Amino acid sequence: MIYADNAATTAMCDEAIAAMIPYCKQIFGNPSSLHTVGQVAKEALNDARERIAKLLGCEPTEVYFTSGGSEADNQAILSAAARGAKTGKKHIISTAFEHHAVLHTLKKLEKQGFEVTLLDVHESGLVTAQEVADAIREDTCLVTIMYANNEIGTIQPIAEIGAVCKARKVPFHTDAVQAVGHLKIDVRRENIDMLSLSAHKFHGPKGIGVLYARKGFPLVNVIEGGAQERGKRAGTENIPAIMGMAAAMEKACVNLEKNAAYVSKLRDKLIDGLLTIPHTVLNGAREPRLPGNVNVCFEGIEGEGILLLLDAKGICASSGSACTSGSLDPSHVLLAIGRPHEIAHGSLRLSISEETTEADVDAIIQATKETVATLRSMSPVWRDLQEGKRQYVIQ
Ligand SMILES: *Cc1c(COP(=O)(O)O)cnc(C)c1O
């Protein structure tokens with residue numbers, strides 16, 4: 001089996017699993033308990049918080065553990081909205097190609113009277129800091145823009161956007177779920193006020209993540225209850241997962257440059273190989289792009305068909321995002337970068353990792369060529385294109 005769907009989730013690394021095991025049984029205490037088993041667990045919790053803070057470039061008191069990226073996104077956005085509403089600021093800036101954890105939270109706020117400006121994304125898969133600056137108004141209470149896109153892998157100019165937001169005194173949140181562990185991040189240097197991350201996107205466990213929030217930023221609770229996470233996120237801490245996340249994040253950050261160099265070389269080979277297939281286009285600019293992301297559209301065929309045939313050949317890939325597969329709507333990300341419906345349906349995302357080999361890439365290219373040829377031979381749309389009854393969208 002060749003796993004090329006690391007943007008959906010990753011396999012846990014051995015270090016993460018090893019870090020979790022002691023906290024499942026021997027040190028299973030509740031950090032809120034006053035006895036020794038509880039207090040030892042509490043020490044581990046503090047230690048993990050310090051290690052993660054160091055990797056982000058922030059203080060341990062600015063790290064809030066959540067159930068993952070979605071919860072962190074929700075809490076960040078709802079907190080900024082609540083803060084804005086107090087002073088009559090009810091305008092939020094984001095982009096059209098955010099993750100649904102962001103877009104659906106913004107939709108909810110629109111129903112509550114907030115106004116949301118979704119910036120258009122260029123065909124390159126980028127927005128510019130100038131476009132953010134131009135959209136900021138007197139009543140803007142939040143800018144939320146993802147660090148790197150989960151479908152097409154393009155990396156936004158986060159430090160420049162951070163500088164704009166700082167100068168205009170507007171809070172800046174970034175969904176960095178695809179970036180942490182893969183790109184160098186420093187929340188202070190990049191003027192990020194809030195950041196979301198999720199462990200299962202960098203070989204850590206599922207169901208655990210972090211909301212970083214700059215000291216003094218008033219968070220509202222998404223989960224009410226006990227006083228965990230300095231009163232901002234109730235629920236007994238998932239210590240095994242937190243320890244696994246800290247170990248996976250350290251490993252990913254220590255090896256970041258080495259992995260990025262290796263994986264991006266394979267990515268480029270994969271892109272070049274796929275683009276030899278006629279009437280195929282890369283989605284999003286080649287650079288700046290996540291080391292492991294490849295996303296292409298093939299004219300005349302459907303993404304679901306590609307996935308099924310690739311799966312039969314032992315290759316795990318994705319078309320659109322995992323959250324929307326199963327629905328027949330084309331990806332909102334591909335529509336946002338201006339891909340027309342008819343070709344947005346024929347998309348394939350391959351997200352590779354440092355575990356991918358050059359032989360895997362060769363096998364993926366070969367299997368994809370065969371798959372596209374098979375599907376095109378059965379496609380009435382492709383026949384029409386070939387016979388000149390329809391115009392090619394992808395030249
Ligand atoms: C995976 C992902 C999320 C959701 O994270 P979960 O931990 O699965 O809730 C949010 N944003 C982006 C960009 C993602 O890739």
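Quickly run through segment 82-103 and pick out the residues that are away from the ligand (no atom under 11 Å from the Cβ) and surrounded by fewer than 22 Cβ atoms within 10 Å (Cβ to Cβ).
Selection gives A82, R83, G84, A85, K86, T87, G88, K89, K90, H91, A96.
Just the residues that are buried (at least 16 other Cβ atoms within 10 Å of the Cβ) and of a type in the set (D, E), please, taken from segment 220-253.
Those that are buried (at least 16 other Cβ atoms within 10 Å of the Cβ) and of a type in the set (D, E): E229, E237, E250.
Let's see how each residue does on (1) hydrophobic (A, V, I, L, M, F, W, C); (2) surrounded by 16 or more Cβ atoms within 10 Å (Cβ to Cβ); (3) modelled with pLDDT of 95 or more; (4) more than 23 Å from the chain's Cα centre (by Cα):
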{"residue": "S319", "(1), (2), (3), (4)": "no, yes, no, no"}
{"residue": "A322", "(1), (2), (3), (4)": "yes, no, no, no"}
{"residue": "G326", "(1), (2), (3), (4)": "no, no, no, no"}
{"residue": "S347", "(1), (2), (3), (4)": "no, yes, yes, no"}
{"residue": "E355", "(1), (2), (3), (4)": "no, no, yes, no"}
{"residue": "D362", "(1), (2), (3), (4)": "no, no, yes, yes"}
{"residue": "A367", "(1), (2), (3), (4)": "yes, yes, yes, yes"}
{"residue": "L385", "(1), (2), (3), (4)": "yes, yes, yes, yes"}
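If I filter segment 269-282 for residues that are over 18 Å from I394 (Cα atoms), open to solvent by 10 Å² or more (accessible area, probe 1.4 Å) and free of Cβ contacts under 8 Å to residues at least 12 places away in the same chain, do I get at least one hit?
The answer is no; no qualifying residue exists.
Report yes if some residue within segment 268-290 is among the hydrophobic types (A, V, I, L, M, F, W, C), touching an Asp or Glu at 6+ places or on another chain (Cβ under 8 Å) and either assigned to a helix (DSSP H, G or I) or over 30 Å from E358 (Cβ atoms) (or both); otherwise report no.
No, there is no match, as no residue in segment 268-290 is among the hydrophobic types (A, V, I, L, M, F, W, C), touching an Asp or Glu at 6+ places or on another chain (Cβ under 8 Å) and either assigned to a helix (DSSP H, G or I) or over 30 Å from E358 (Cβ atoms) (or both).
Can you tell me which residue in segment 4-52 is farthest from D175 (Cα to Cα), limited to those that are hydroxyl-bearing (S, T, Y) and more than 16 Å from the ligand (Cβ to nearest atom)?
The extreme case among them is T36.
Could you list all residues from segment 134-159 that are assigned to a strand (DSSP E or B) and open to solvent by less than 10 Å² (accessible area, probe 1.4 Å)?
T140, C141, L142, V143, T144, A148, T154
Within the set of pairs 6+ apart or on separate chains, which have a first residue in segment 25-47 that is within 16 Å of Y64 (Cα to Cα), a second that is modelled with pLDDT of 95 or more and open to solvent by 90 Å² or more (accessible area, probe 1.4 Å), and C-beta atoms under 9 Å apart?
P31/E43
Go through (1) open to solvent by 30 Å² or more (accessible area, probe 1.4 Å); (2) touching a helix residue (DSSP H, G or I) at 6+ places or on another chain (Cβ under 9 Å) for L34 and report which single condition fails.
Unmet condition: (2).
Is it fair to say C165 is under 17 Å from the mean Cα position of the chain (by Cα), more than 16 Å from the ligand (Cβ to nearest atom) and not in a loop (DSSP other than H, G, I, E, B)?
No, not satisfied.
Among the residues of segment 117-133, count how many are assigned to a loop (DSSP other than H, G, I, E, B), within 15 Å of V164 (Cβ to Cβ) and open to solvent by 60 Å² or more (accessible area, probe 1.4 Å).
Total meeting the criteria: 0.
Sort out which residues of segment 176-219 are open to solvent by 10 Å² or more (accessible area, probe 1.4 Å), within 10 Å of the ligand (Cβ to nearest atom) and either assigned to a helix (DSSP H, G or I) or among the charged types (D, E, K, R) (or both), and write them in order of number.
Result: H200, K201, K206.
The values are calculated or read from the model by the stated rules, or taken from the named source; none is laboratory data. What you see is a predicted model, and the numbers here were worked out from it, not measured in a lab. All Cβ positions, glycine included, derive from the backbone under ideal geometry; neighbour counts span all protein chains shown. Side chains are part of the model used for accessible areas, which takes the heavy atoms of the whole protein and leaves out ligands, DNA and RNA. Shrake-Rupley method; radii C 1.70, N 1.55, O 1.52, S 1.80 Å.
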